[in-house]
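Each remark here refers to the structure printed beneath this line.
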Amino acid sequence: MTLRLYNTMTRQVEDFAPLTPGRVSLYTCGPTIWNYAHIGNFRTFLFEDLLRRWLEASGLTVFHIMNLTDVDDRTIQAAAKAGVTLREHVEPYAAAFFADRDYLRILPAHAYPRATQFIAPMITLVESLLAKGIAYRGDDGSVYFAIARFPAYGRLSQLDQRELRSGASGRVSSDEYAKEDARDFVLWKAAQPDDEAVKAAWDAPFGRGRPGWHLECSAMALDLLREKWGGDVLDIHCGGVDLIFPHHEDEIAQSCAHTGKPDFARVWMHAEFLNIRGAKMSKRFGNITTARDLKEDGVDAAALRLFFFQTHYRQRLDLNDESIAQAVAGLRRLGDFAARLEAAPAASSGAVGAAATAELEGAATLLREQFTAALDDDLNAPRAVAALFDFVTAGNRALDRGAGASGPAREAFRWAAGVLDVLPTPKAADAELAAWVEERIQSRRAARQARDFAKADLIRDELAARGVTLEDGPGGTKWRVG
Ligand code: AMP
Ligand code: ZN
C-alpha cells in the first residue's frame, strides 16, 4: 500500500509521490504571534505533526518549514495598543508558542522563518510581479495583485466570481477605492502612522510600507526552498480550512505568477476546525482555551494528542470537558498496558504459555498492518488509534493467559504508540522514584557481590515498602510498581 492523501486542489484522495524520490518539502502556515495560540490552532499543528511523523516513519526525509507571522494587521494593532514596538510585542508570544509546542510534543520544524527577517525576498517578489505587469501600484501607494491578469485564480477554492468578490475584502485589504478591481489583494501596504510607531515599515523601490500577509508565506517558502532544498515547488502545503481562501489562493497566485510553474505546492492539505464547547473559537467571544490553560489544569499532553487523533483531520471536532475526560481515561488504559507489556515475565511454562505468546505476537503483526493501512489512507488517525486499542485488548487477554515477554510485541506497540506519541508523560514524582529505585538496585547488587545477603534483603524490603517489586533475570534486575 502506498501513502494516499486528500488534495484540496483536486478534491480527491491521491497517491502521494514526492517530486524528488525520498525527499519531501512541507510548508505549514504557522501562528500569528500577536497573542497566545489557541487550542484550535494546535489542532491544525497536531495534524501537521502527525503528517510529518508519518512521512518520516514511511522512510521519507522531510524538510519542514513553519513560518511565524510577526507582521500583519493584528500584530501591528496589538503592539500599537500596548505602546511597544512590534518586536517587543511579538517576542514573548513566539517564546510561548515554542513552549506550547514542546508541551504538546510537536516535533520542531527545520525552519521557523519570520516575516520581518525576509523583507528583502518579499521586495524582490513584488518587483518581479510589477515587472511582469501582474501587480500595480494603487492610488493609495500600496501595491496590489491584479487577479484579472492571472487566469488560474480561484482554482484551489473553486469559488465562483461572485463569492471571490465578497471574500476579497476583510483581512486582505483596507481601501477598496485604491484598487483597479475589488477582488485584487494587497501585496505591499503603504506605511501608516501605526506601522511607523511600532517600527513595522520598510523602504522599498515601490514605496515605504510593509508586506501583506499572503506575500509573506510565498516569499519565505520560495526563498528557503531554493536555498536549502532546491526547486520552487513544494511537495505539501498545509493549514486550517480557513486558509484555503483567500490566503492559500493568494499564495498560489503570487508564487506561480513569479515562478511560471503551474503549481506552488503539489498537494494542499487542510485541517477542519476545532470548536470549543460547541461554539466557534474566537478571542472575540471570549471562549478561548490555550494550550497553557490545559497544561495548568494538569491535562497530560498525550491525552490531548489522543483526543485530536481520535477524529479524522477533515472532520470538525468539538472540545469539551467530557471529551477531555474520555481521552484521559483512554490514556490511562494505554499507560497501564504499556507498563504491563514492558514488565511481562517470561512465558508461563508449557503449551498454554507458548500459545498465549504466539497470540500476543499475532496481535502485534495485526497492529503493524492495520496501523500502517490506516495512516496510509489519508492519515486516518482514528483508525490507527483504534488499532492500538484493539492491540491493548488482545494483548491484555494474551497476558492474562500467561503470554510471556515478547520482543516483537513490545517493539510493535512502542512503534505505533511512538508515531502518535500518545504514552503518558512520566510524572516528575515517577522520575524521582525511578532514580531512587535505580540507586537502591545498585546498592543491593553491591551488597550481594560482597555476600552481605542480610543487607540485600533489607534493600528489597525497603523497596517493597514503597510498592516496588524486583525481578532478577539474566539481563539484570527489572522492577515495577505493584
Ligand atoms: P493564525 O494564528 O490565525 O494565523 O492561525 C494559525 C493556524 O491555525 C492556521 O493554519 C489556521 O487555519 C489554524 N486555525 C485557526 N483557528 C482554528 C480552529 N478553530 N481549528 C483548527 N485550526 C485553526
Ligand atoms: Zn501561509
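Just a few scattered comments:
- The range 321-420 - percent of accessible surface contributed by carbon and sulfur, probe 1.4 Å: 56 percent
- Degrees, to the nearest 10: 119-131 long Cα axis against longest axis of the chain: 40 degrees
- Inter-probe distance in nm under a simple model that places probes 7 Å from Cα toward Cβ, at Ala197 and Trp415: 5.9 nm
- For the chain, the share of DSSP beta bridges that are antiparallel, to the nearest 5, is 50%.
- Alpha-carbon centroids, the range 313-343 and the range 195-266: separation in whole Å: 38 Å
- Sulfur and carbon atoms: percent of accessible area, the range 1-128 [1.4 Å]: 53 percent
- Residues of the range 404-434 with amide N under 15 Å of the 7 Å Cα→Cβ point at Ala354: 404
- Protein heavy-atom accessible surface, 1.4 Å probe, per residue over the chain: 44 Å².
- Overall form of the range 321-420 per C-alpha gyration tensor (a/c, 1.5; a/b vs b/c): oblate
- Glu180-Ala99 pseudo-label distance in nm [points 7 Å out on the Cα-to-Cβ vector]: 4.9 nm
- Value at 222 nm in deg cm²/dmol, rounded to 500, when DSSP H runs of n ≥ 4 in the chain each add -39,500 (n - 2.57): -15500 deg cm²/dmol
- Principal-axis tilt of helix 39-57 within the chain, Cα atoms, nearest 10 degrees: 70 degrees
- On full extension, the segment bounded by Gln158 and Glu127 gains 8.3 nm, given 0.36 nm per residue less the C-alpha separation.
- In terms of its C-alpha gyration tensor, the chain comes out prolate, because a/c is 1.5 or above and the ratio a/b outweighs b/c.
- Length-normalised contact order for the chain - Cα pairs under 8 Å, 6+ apart - percent: 16 percent
- Cα-based helix-to-principal-axis angle, 213-228 vs the chain, degrees rounded to 10: 60 degrees
The values are calculated or read from the model by the stated rules, or taken from the named source; none is laboratory data. Just so it is clear, the structure is predicted and the values come from calculations on it, not from any experiment. Here the Cβ is made from the backbone with ideal geometry for all residues, glycine too, and neighbour counts use every protein chain on show. These accessible areas exclude ligands, DNA and RNA; they are computed on the full protein's heavy atoms, side chains included. Shrake-Rupley method; radii C 1.70, N 1.55, O 1.52, S 1.80 Å.
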